[in-house]
Each structure stands twice: as structure tokens, then as C-alpha cells.
1. Going by what's in this entry, would L67 be described as without any contact (Cβ under 8 Å) to a residue 40 or more places away in the chain and either in contact with a Phe, Trp or Tyr (Cβ under 8 Å, 6 or more places away or on another chain) or among the hydroxyl-bearing types (S, T, Y) (or both)?
2. So which residues in region 4-21 are surrounded by fewer than 18 Cβ atoms within 10 Å (Cβ to Cβ) and touching a residue at least 12 places away in the same chain (Cβ under 8 Å), if there are any at all?
3. Could you go through region 46-56 and let me know if any residue there is assigned to a helix (DSSP H, G or I), within 18 Å of A96 (Cβ to Cβ) and not acidic (D, E).
4. Would you check which residues across region 58-74 are open to solvent by 70 Å² or more (accessible area, probe 1.4 Å) and under 13 Å from A167 (Cα atoms) and list them?
5. Within region 82-104, how many residues are open to solvent by 30 Å² or more (accessible area, probe 1.4 Å) and hydrophobic (A, V, I, L, M, F, W, C)?
6. Which of the residues spanning region 70-84 are without any contact (Cβ under 8 Å) to a residue 24 or more places away in the chain and either part of a helix (DSSP H, G or I) or within 17 Å of the chain's Cα centre (by Cα) (or both)?
Amino acid sequence: MFEISPTEWTAIQLSLRVATVATLVATPLGIAVAWLLARRDFWGKAVLDALIYLPLVLPPVVTGYLLLLTFGRRGLVGAWLADHLGIVLAFRWTGAALACGVMSFPLLVRPIRLSIEAVDRRLEQAAETLGAAPWWVFLTITLPLALPGVLAGMVLGFAKAIGEFGATITFVSNIPGETQTISSAIYSLIQTPDGDSAALRLVVVSVLIALAALVASEMLARRATKRLHGN
């Protein structure tokens, strides 16, 4: 019953690749946005905050359709990317990574923002009075102290990307070997006769991956916290 078929392995490997790429690409942007929201006051901050968390409250298919309108072959940005750079995202695994990155971005930003807000501003100000450049203060003080939040955000984003379905299937469809992730494979299997066993195997794999990610996050966060406190 738990012998995974080549097709199922393909879906698992694709999900891991999509989630990894989405997390790695979104993390630097997430750190920058989290720092901006935590450390700066500016006109339109509430609007930016709302836009970041919008994918959490919108139906995923709406987000996927907006991605299709924007990054599709004839979309506002997608047409330019295809004509000038030869990059096509719709109905490709890279598009799945984009959809997963957008859907997981709010969960990535939130822990990082809270962690940066918890950093003592006096430490940053002390470094600045000693002549340290703002970017150096961020790299040597703010970011290391916020590391537990960064790790937590990355793992939450990764776990969300692994389980993403609605936006992904709307933007890149459900193409075996190209865009069929674990979630879309489960959806296909439960629509076919005698697909329950294979769907159950993928459900078990999905749960194990999510649990492993959360446990790893907790362990890494504890190690980082101990190191920061000199233990």
C-alpha cells in the first residue's frame, strides 16, 4: 500500500523543488519588507500591510487568476517577459513557484517582522553612534538577533508552499511532470476510480514533510536563541 509509484515520486520531488525555490526567492524580499514595516513610518504603510496579507483572505483561485492576468503569456508583465527575456511562467513549474511564493509570503513576513520589532533599538543606535553604516548595523545586529523569526518565517512559508493548491492550479494548471504538485496530484487521484490508496500515500507524505519542517524550525530557532544569549 505504501509503495510509492514513479508518478507519485515525480509529484513529491516537484513539490519540494517548487517550495524550496519559492521560499529561497521570497525570503530576501520578505526580510526587506518586514524591516520596512517594523522600522519605518511612511505614507501608505497601512495599504502595503494590507496588500501583503491580502492573499490570506482572498480565495486562492482569485489570486491565481490575478497571477494569470499579470504573468500569463499575454499578461501585463508576462507578455514583456516572454517577448524580451524569453521567460514564460504560466503552465510551467516556475509559475508554480511564483504562485506558492505569493501565497506563502504573508506567513513568511509576519514572524520576521515581529522578530525585528523585538530587537532592542538601543543596540542599533549604539552601533550607529560608533560610526557603523545602516546596512552594516542591519547585517551584524538586527538580522542575527531576528534570526529565530527568519527561520520560523521560512519554514512556515515552505510548509504553506508544499500545501498550496488553489492559486497554483489556476495559474499553471495540473500538468503531470511539469506542474502537478502533491496537492494537485491528490486532487486528480480522488477524482479517479481506485485512486484512494495513492491519494492516501501522498497525504501521508505531505503530513510527514510538514511535521519535519516544523520540528526542524523549532530546533533551529532554539539553537539560534541559545547562541544569541551566549549559552
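The values are calculated or read from the model by the stated rules, or taken from the named source; none is laboratory data. Treat the numbers as computed from the prediction; the structure is a model and nothing was measured. No Cβ is skipped: glycine too gets one built from the backbone with ideal geometry, and neighbour counts run over all protein chains shown. The accessibility values were calculated without ligands, DNA or RNA, using every heavy atom of the protein model including side chains. Shrake-Rupley method; radii C 1.70, N 1.55, O 1.52, S 1.80 Å.
1. So L67 does not fit the description; no.
2. I4, S5, T7, T10, L16, R17, T20
3. Restricting attention to region 46-56, the residues satisfying the condition of being assigned to a helix (DSSP H, G or I) are 46-56.
In the following step, the residues that additionally are within 18 Å of A96 (Cβ to Cβ) were identified as 55.
Subsequent filtering for residues that are not acidic (D, E) retains 55.
There is at least one residue in region 46-56 that is assigned to a helix (DSSP H, G or I), within 18 Å of A96 (Cβ to Cβ) and not acidic (D, E).
4. Within region 58-74, the first condition is being open to solvent by 70 Å² or more (accessible area, probe 1.4 Å), and the residues that meet it are 61, 65-66, 69, 73-74.
Within region 58-74, V61, Y65, L66, L69 qualify.
5. The number of residues fulfilling the criteria is 7.
6. Once the filter is applied, which keeps residues that are without any contact (Cβ under 8 Å) to a residue 24 or more places away in the chain and either part of a helix (DSSP H, G or I) or within 17 Å of the chain's Cα centre (by Cα) (or both), region 70-84 yields T70, G78, A79, W80, L81, A82, D83, H84.
Each row is one residue, and each column tells you yes or no for (1) among the hydrophobic types (A, V, I, L, M, F, W, C); (2) under 19 Å from S104 (Cβ atoms); (3) in contact with an Asp or Glu (Cβ under 7 Å, 6 or more places away or on another chain).
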position: S5; (1), (2), (3): no, no, no
position: V21; (1), (2), (3): yes, yes, no
position: V25; (1), (2), (3): yes, yes, no
position: I31; (1), (2), (3): yes, yes, no
position: W35; (1), (2), (3): yes, yes, no
position: A38; (1), (2), (3): yes, no, yes
position: F42; (1), (2), (3): yes, no, no
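Conditions (1) touching a residue at least 40 places away in the same chain (Cβ under 8 Å); (2) surrounded by fewer than 18 Cβ atoms within 10 Å (Cβ to Cβ), marked per residue:
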{"position": "R121", "(1), (2)": "no, yes"}
{"position": "A127", "(1), (2)": "no, no"}
{"position": "I141", "(1), (2)": "no, no"}
{"position": "I169", "(1), (2)": "yes, no"}
{"position": "S183", "(1), (2)": "yes, no"}
{"position": "L189", "(1), (2)": "no, no"}
{"position": "V204", "(1), (2)": "yes, yes"}
{"position": "I209", "(1), (2)": "yes, no"}
